[in-house]
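S.K.: Right, I'll just put the structure down here and ask away after.
The values are calculated or read from the model by the stated rules, or taken from the named source; none is laboratory data. Computed from a predicted model, the values in this text were never measured in an experiment. Don't worry about glycine lacking a Cβ; one is built from the backbone with ideal geometry, like all the others, and counts go over all protein chains shown.
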Amino acid sequence: MIVIFRIFIVIQFLISGVTALAFDGIAILGDSSSTGAAAHPKLEFDSKVLWDIFNSVNDLPVDLALYPAEFRSAVAALQRPTRVPPSVRENDGGSGWIWHNLTQKISARTLEEHRLSYGYLIGRKLGIPASDILIAGENGTTARHAWIHAARLVGARQRELPSRVIFYYTGNDLCAQSYDEISEAEEYGEELLRGMKYLVLNGHADAQGTRIFIPGFLPVTSLLHERSILERKIKLHGEEMTCQEARARLFAPNPNSRPTDPDPRFQFFSAFIPPSPVLLCPTLFSKAAEDSARQSFLANRIRAFREAQKRAVSEFNQWRGSKYPAKSFEAFYIEATEQLKFDGADVAGDCFHLSITGQAKVATAILGGVK
């Protein structure tokens, strides 16, 4: 009888949704802004440069001199965070799974530096061990991937969730082949809500509660039109020019100076690395994006996204409170990121992603709202 009673207690403990094994840490779910993509200052918009990095001919050293002064003591040891890979739920059983993992590996080796991402800066500033900072997002994703990234997080440590989770999709939802195909604000909010609910339904909250943070959508259009950003000098396929000139060229290489390499694999690699902003996001980088009416449309959509984020937070807290009052989850909206101003020093060598300086601005804004 005593054995049966003990088994009953264990079963109740397992299904309660609260476990002592959950941990004080932070997880970052989001797009390329969350992976530190392009943030390293040695990265150039050049397939040959990236090919040499991929093959370890050149490396991307990370030292304290790269960081703004206010973060140096927090990141002093420079340990790497935990990169959460695609979960088995994303396995289509065929070539798609192989391709997905291959591109993830290539991206992580050439484009990403997780120690320069805002999530890493936030975690280290909070005193969280690097191994308990979980990067579960992916370049090129949108709010539709929020639940997929939530599934990665749930599977990372056997359903145990950290004390803080950030959902931040703040760029690619503005990207589409036409303006009619850009994500609707209502859909954007519903997908965030779906991702947050997934954590409650499938994960175990930290013993002190898991707090979910939704920072306000960044003022992305300012990255395209701020004068100091347009005048920022970069290397485009070996040629020095301003971001304004690179955009006028649609980031295309000079046909007379295309990078070459005798390795036949380079032709495959250079076909999609670096990714062309114009092909991936014509609504932001094509000639049509320069039209004032289009710019106004995008600014309005950003405002609508922010309202959708706020509704998602409110609806999540109401849903969790009424459906799962015993589960210790709460969501918060962080308004400070709405007001960020970026300049030339804040953008990376592709004229769009954030440099370490820009990542630090985002980290500082979010830190003010993290509880």
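S.K.: For R258, which of the numbered conditions (1) modelled with pLDDT of 80 or more; (2) farther than 27 Å from D343 by Cβ; (3) of a type in the set (K, R) fails to hold?
M.R.: (1)
The rows are residues; the columns are (1) part of a helix (DSSP H, G or I); (2) under 25 Å from the mean Cα position of the chain (by Cα); (3) within 30 Å of A150 (Cα to Cα).
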| residue | (1), (2), (3) |
| --- | --- |
| R211 | no, yes, yes |
| I214 | no, yes, yes |
| R247 | yes, yes, no |
| P253 | no, no, no |
| F268 | yes, no, no |
| F272 | no, yes, yes |
| A289 | yes, yes, no |
| Q309 | yes, yes, yes |
| E315 | yes, yes, yes |
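S.K.: Hey, another quick one. For the subset of segment 53-104 comprising residues that are part of a loop (DSSP other than H, G, I, E, B) and among the acidic types (D, E), which member is modelled with the lowest pLDDT?
M.R.: Out of the qualifying residues, it is D92.
S.K.: For segment 216-245, give me each residue that is in contact (Cβ under 8 Å) with a residue 12 or more places away in the chain, in contact with a strand residue (DSSP E or B) (Cβ under 9 Å, 6 or more places away or on another chain) and in a strand (DSSP E or B).
M.R.: I234, K235, L236, T242
S.K.: For D46, only one of the following conditions fails: (1) more than 21 Å from I166 (Cβ to Cβ); (2) under 21 Å from the mean Cα position of the chain (by Cα); (3) touching a residue at least 60 places away in the same chain (Cβ under 8 Å). What is its number?
M.R.: Looking at each condition in turn, D46 falls short on (2).
S.K.: Suppose we filter segment 24-52 for residues that are touching an Asp or Glu at 6+ places or on another chain (Cβ under 8 Å) and surrounded by fewer than 20 Cβ atoms within 10 Å (Cβ to Cβ); how many remain?
M.R.: The qualifying residues number 2.
S.K.: Could you say which residue among T110, T82 is touching a residue at least 60 places away in the same chain (Cβ under 8 Å) and touching a strand residue (DSSP E or B) at 6+ places or on another chain (Cβ under 7 Å)?
M.R.: Step by step, each of T110, T82 is checked, and only T82 is touching a residue at least 60 places away in the same chain (Cβ under 8 Å) and touching a strand residue (DSSP E or B) at 6+ places or on another chain (Cβ under 7 Å).
S.K.: Turning to a different aspect of this structure: For G349, all conditions in the list (1) in contact with a strand residue (DSSP E or B) (Cβ under 9 Å, 6 or more places away or on another chain); (2) modelled with pLDDT of 95 or more; (3) within 20 Å of K235 (Cβ to Cβ) hold save one; what is the number of the exception?
M.R.: With respect to (1) in contact with a strand residue (DSSP E or B) (Cβ under 9 Å, 6 or more places away or on another chain); (2) modelled with pLDDT of 95 or more; (3) within 20 Å of K235 (Cβ to Cβ), G349 is out only on (2).
S.K.: Residue by residue through segment 330-355, note down the ones that are farther than 29 Å from T210 by Cα and not acidic (D, E).
M.R.: K341, F342, G344, A345, V347, A348, G349, C351, F352, H353, S355
S.K.: Are any residues in segment 195-209 surrounded by fewer than 21 Cβ atoms within 10 Å (Cβ to Cβ) and either in contact with a Leu (Cβ under 7 Å, 6 or more places away or on another chain) or not in a helix (DSSP H, G or I) (or both), and if so, which ones?
M.R.: Within segment 195-209, A207, Q208, G209 qualify.
S.K.: Out of the residues in segment 158-194 meeting the condition of being of a type in the set (A, V, I, L, M) and assigned to a strand (DSSP E or B), tell me which one is surrounded by the most Cβ atoms within 10 Å (Cβ to Cβ).
M.R.: Among those residues, the one meeting the criterion is V165.
S.K.: Can we say G127 is modelled with pLDDT of 95 or more and part of a helix (DSSP H, G or I)?
M.R.: No: the conditions fail for G127.
S.K.: Restricting to segment 246-262, and then to whatever is free of Cβ contacts under 8 Å to residues at least 24 places away in the same chain and surrounded by 14 or more Cβ atoms within 10 Å (Cβ to Cβ), can you tell me which residue is nearest to K310 (Cα to Cα)?
M.R.: Residue satisfying both the conditions and the ranking: R249.
S.K.: So R83 ticks every box in (1) out of contact with any His (no Cβ under 8 Å at 6 or more places or on another chain); (2) surrounded by fewer than 17 Cβ atoms within 10 Å (Cβ to Cβ); (3) at negative phi but one. Which box is left unticked?
M.R.: Unmet for R83, out of (1) out of contact with any His (no Cβ under 8 Å at 6 or more places or on another chain); (2) surrounded by fewer than 17 Cβ atoms within 10 Å (Cβ to Cβ); (3) at negative phi: (1).
S.K.: Let me ask something else. Taking A331, is it part of a strand (DSSP E or B) and either in contact with a Phe, Trp or Tyr (Cβ under 7 Å, 6 or more places away or on another chain) or of a type in the set (G, A, S) (or both)?
M.R.: When the stated conditions are applied, A331 passes them.
S.K.: A further question follows. Answer yes or no: is there a residue in segment 313-336 that is within 19 Å of L174 (Cβ to Cβ) and surrounded by 22 or more Cβ atoms within 10 Å (Cβ to Cβ).
M.R.: no
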